[in-house]
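*Asks:* Below is the structure I would like to discuss, written out as C-alpha cells.
The values are calculated or read from the model by the stated rules, or taken from the named source; none is laboratory data. Every value quoted in this text rests on a predicted model; they were computed, and no experiment measured them. Here Cβ is always computed from backbone atoms with ideal geometry, including for glycine, and neighbour counts include all displayed protein chains.
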Amino acid sequence: MTPTPRVQAVSDYAIVVNPNDNVAVVKRETDAAVFERMPNDLDLSAGGVIDGRETIDEVGRQVFEHMIKVADGELLAKAEINKHREFQF
C-alpha cells in the first residue's frame with residue numbers, strides 16, 4: 001500500500017512532499033500581472049481574488065487540485081520542468 005502524500009502550504013509557496021521525501025515546489029503568485037510576465041516560472045495565480053474575478057474558495061480549490069495532480073505525478077511543477085534544484089533538500 002502506498003502512503004498518502006503530505007501536503008503543506010507555506011507563504012506564497014505550496015510544498016508537496018511525497019512519501020519518498022522528494023520535494024516539488026509549486027509556486028503561487030498573488031499578483032496577476034507578475035504571473036502573466038512569468039508563465040514559465042510560476043504554477044498558479046491567486047490574482048483573481050485581488051481582482052475580484054474569483055473567490056478565495058475558488059482559488060483554494062484550484063490550488064488544492066493542482067497540488068494533488070503534482071503529488072500524484074500527473075503534472076510537473078515549473079521548478080521541476082526548469083530543473084530548479086536550489087529548492088531541493
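*Asks:* Give me the pairs: first residue in the stretch 69-84 and free of Cβ contacts under 8 Å to residues at least 24 places away in the same chain, second residue part of a loop (DSSP other than H, G, I, E, B), beta-carbon distance under 6 Å, and six or more apart or on different chains, which are they?
*Replies:* Matching pairs, first to second residue: 69/75.
*Asks:* Shifting gears a bit: For the stretch 49-57, indicate whether the set of residues that are among the acidic types (Asp, Glu) and surrounded by 14 or more Cβ atoms within 10 Å (Cβ to Cβ) is non-empty.
*Replies:* Yes: the stretch 49-57 contains one or more residues that are among the acidic types (Asp, Glu) and surrounded by 14 or more Cβ atoms within 10 Å (Cβ to Cβ).
*Asks:* Could you please let me know if residue 80 is out of contact with any helix residue (DSSP H, G or I) (no Cβ under 8 Å at 6 or more places or on another chain) and either in a loop (DSSP other than H, G, I, E, B) or at pLDDT below 90 (or both)? Walk me through it before giving the result.
*Replies:* Numbers: out of contact with any helix residue (DSSP H, G or I) (no Cβ under 8 Å at 6 or more places or on another chain): yes; either in a loop (DSSP other than H, G, I, E, B) or at pLDDT below 90 (or both): yes.
Yes.
*Asks:* Count, please, the residues in the stretch 41-66 that happen to be of a type outside the set (Lys, Arg) and assigned to a helix (DSSP H, G or I). Outline the logic, then answer.
*Replies:* So the first thing to find is which residues in the stretch 41-66 are of a type outside the set (Lys, Arg), and the list is 41-52, 54-60, 62-66.
Filter again for assigned to a helix (DSSP H, G or I), leaving 47-51, 56-60, 62-66.
Adding up the residues that qualify gives 15.
*Asks:* Report, by residue number, each residue of the stretch 32-48 that is surrounded by fewer than 15 Cβ atoms within 10 Å (Cβ to Cβ) and either touching a His at 6+ places or on another chain (Cβ under 8 Å) or without any contact (Cβ under 8 Å) to a residue 40 or more places away in the chain (or both).
*Replies:* Of the residues in the stretch 32-48, the ones surrounded by fewer than 15 Cβ atoms within 10 Å (Cβ to Cβ) are 33-34, 36-40.
Listed by number, the residues that qualify are 33, 34, 36, 37, 38, 39.
*Asks:* Against the definition (at pLDDT below 85, of a type in the set (S, T, N, Q), surrounded by fewer than 13 Cβ atoms within 10 Å (Cβ to Cβ) and over 13 Å from the mean Cα position of the chain (by Cα)), how does residue 22 come out, yes or no? So that I can check it myself, show each step before the final result.
*Replies:* Numbers: at pLDDT below 85: yes; of a type in the set (S, T, N, Q): yes; surrounded by fewer than 13 Cβ atoms within 10 Å (Cβ to Cβ): yes; over 13 Å from the mean Cα position of the chain (by Cα): yes.
Taking the combined requirement at face value, the residue satisfies it.
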